[in-house]
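Right, one structure below, let's go through it.
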Amino acid sequence: MKERLLFLGPPGAGKGTQAELICSQFELLHLSTGDLLRAEVAAQTLLGQEAAELMNKGELVGDDLVLAIVENKLKSQAGGWLLDGFPRNVNQAEALTPMLEDLMQPIEAVLLLEVSDSVLIERLLSRGREDDNEDVIRHRLEVYRNQTAPLIDHYRKKDLLVSVEAHGTIPDISKRIMSALV
Ligand code: AMP
């Protein structure tokens, strides 16, 4: 069973939902940079105030800030983990590799959740999060295509990429993910 994992896929692919299920079943740390940033926003920290403006526009928050959050969490983690929503661009991925080498915890699999645009938009509009209005959604998809999608090739070249079809019911998708992890 692989237990140092990364979820890749567009906003609305179901990364958060599936990450929660997989992490509770296999006792992995669910590390969602989006959730961690939203917690900072809710707590009205200085960092949260800075992040909120960018998040509400669908822009990425600065790499240094996100990398510091992730490093801090992984340093104190002995068991497995699942990174959800991070890395979000090539620069973050290139910083992650030496960080994990230092911790002697290399990634074991990158799961790409694949889903069509029409399903994505439908799911995002029904979610009702503050950054889920139509203009912001469109912008987040564009940011995904320009900045995050190049990671697909990045991890394919490292022979870590596994594609999972993210259509259908939540349990169906979970089963597909689990069979990719053994
Ligand atoms: P998510 O919950 O993953 O959809 O993230 C929501 C928002 O948080 C994104 O639109 C970004 O503004 C910000 N965010 C989350 N993860 C990252 C990351 N790894 N790098 C930069 N910004 C991020």
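The values are calculated or read from the model by the stated rules, or taken from the named source; none is laboratory data. Computed from a predicted structure; not experimentally measured. No Cβ is skipped: glycine too gets one built from the backbone with ideal geometry, and neighbour counts run over all protein chains shown. The protein model used for the area step is the full one, side chains on, heavy atoms only, and it has no ligands, DNA or RNA in it. Shrake-Rupley method; radii C 1.70, N 1.55, O 1.52, S 1.80 Å.
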Can you work out ³J(HN,Hα) from phi for every residue in the stretch 3-8, in order, using Karplus 6.51 cos²θ - 1.76 cosθ + 1.60 and θ = phi - 60°, giving whole Hz and x for Gly and Pro? 9, 10, 10, 9, 9, 10
Leaving out same-chain residues fewer than 8 places away, which aspartates and glutamates sit with a Cα under 19 Å from that of K57? D35, E40, E130, D131, D132, E134, D135, E142
Accessible area of the stretch 67-106 divided out per residue, in Å², using a probe of 1.4 angstrom: 48 Å²
Let me know the shape class of the stretch 1-123, please: from the alpha-carbon gyration tensor, a ≥ b ≥ c as square roots of the eigenvalues, rounded when a/c is under 1.5, otherwise prolate if a/b is greater than b/c, or oblate. oblate
Along the charge dipole of the chain, which of G62, L74, S179 sits closest to the positive end, that is, farthest toward it, with unit charges on the beta carbon of Lys, Arg, Asp and Glu (+1, +1, -1, -1)? S179
Using 0.36 nm per residue, how much length does the chain from N72 to T17 gain when fully extended, once their Cα-Cα distance is taken away? 17.4 nm
What list of ³J(HN,Hα) values in whole Hz, one per residue of the stretch 163-179 in order, does the Karplus curve 6.51 cos²θ - 1.76 cosθ + 1.60 (θ = phi - 60°) give from phi, with Gly and Pro shown as x? 8, 10, 6, 9, 9, x, 7, 4, x, 4, 5, 4, 4, 4, 5, 4, 6
Would you look at the GNM of the chain, springs on alpha carbons closer than 10 Å, and say which of D132, D84, D117 moves the most? D117
What dipole magnitude, in Debye to the nearest 20, does the chain give about its Cα centre under +1 on Lys/Arg Cβ and -1 on Asp/Glu Cβ? 420 debye
Cross-link partners among lysines for K175, C-alpha distance below 17 Å, same-chain residues fewer than 8 apart left out? K2, K15
Residues whose placed amide H lies under 5 Å from that of L112, excluding near-sequence neighbours: L8, V162, S163, V164
